[in-house]
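Everything below concerns the one structure shown next.
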Amino acid sequence: MEELYWITRTNAVLTVAWAVFIVALIVLIFAFAYLNTVYDEDEIDAFKKFCSKYAWMEFTAIIVSVLLIVFVPSRKDMLIIFGVGGAIEYVKDNDKAKQLPDKVVDAIDAYLESLKDEKK
């Protein structure tokens, strides 16, 4: 079952997304710190050229990892979604399952009536 495979992989995807996000933020922090400590204009221009080559990759990594962190549920949440969703679909499609609440109410009513009769 393909769904079960992806359910088991969700935590790994989230872990990688968090790692990419943290590494990208650390790289950005060090880049800004480097720019603040360098006073030579030639070094700043060389660093800006270097960063302009790779900045789009950095921002893409941050955006993709944030999207994964936000939209990929954990394994526990996936199992709940899969299990509850499957149960709801089953109850919607099965006529016997739709009758269960009525039968449960009837059974409880009959049990309470038998308790009432025993007390008399």
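Filtered by the rule that a residue be closer than 22 Å to ALA24 by Cα and surrounded by fewer than 12 Cβ atoms within 10 Å (Cβ to Cβ), segment 58-84 gives THR60, LEU67, VAL70, PHE71. From the list ALA55, ALA33, ALA107, ALA87, the one residue that fits, being surrounded by 13 or more Cβ atoms within 10 Å (Cβ to Cβ) and either of a type outside the set (S, T, N, Q) or in a helix (DSSP H, G or I) (or both), is ALA55. Determine, yes or no, whether LYS76 is within 17 Å of GLU3 (Cα to Cα), in a helix (DSSP H, G or I) and among the basic types (Lys, Arg). Taking the combined requirement at face value, the residue satisfies it.
When segment 1-47 is filtered for residues that are touching a helix residue (DSSP H, G or I) at 6+ places or on another chain (Cβ under 8 Å) and among the charged types (D, E, K, R), only GLU3 remains.
What tally of residues in segment 90-104 results from selecting those that are surrounded by 10 or more Cβ atoms within 10 Å (Cβ to Cβ) and farther than 30 Å from ILE7 by Cα? Full working, then the answer.
Going residue by residue through segment 90-104, those that are surrounded by 10 or more Cβ atoms within 10 Å (Cβ to Cβ) are 90-91, 94, 97-101, 103-104.
Imposing the further condition that a residue be farther than 30 Å from ILE7 by Cα reduces the set to 99-101, 103-104.
Final tally of qualifying residues: 5.
Read-outs throughout are calculated quantities, based only on the coordinates presented, and are distinct from any laboratory measurement. What you are looking at is a predicted structure, and each value in this text was computed from that prediction instead of being measured. Every residue, glycine as well, gets a Cβ built from its backbone with ideal geometry; the counts of neighbours run over all protein chains shown.
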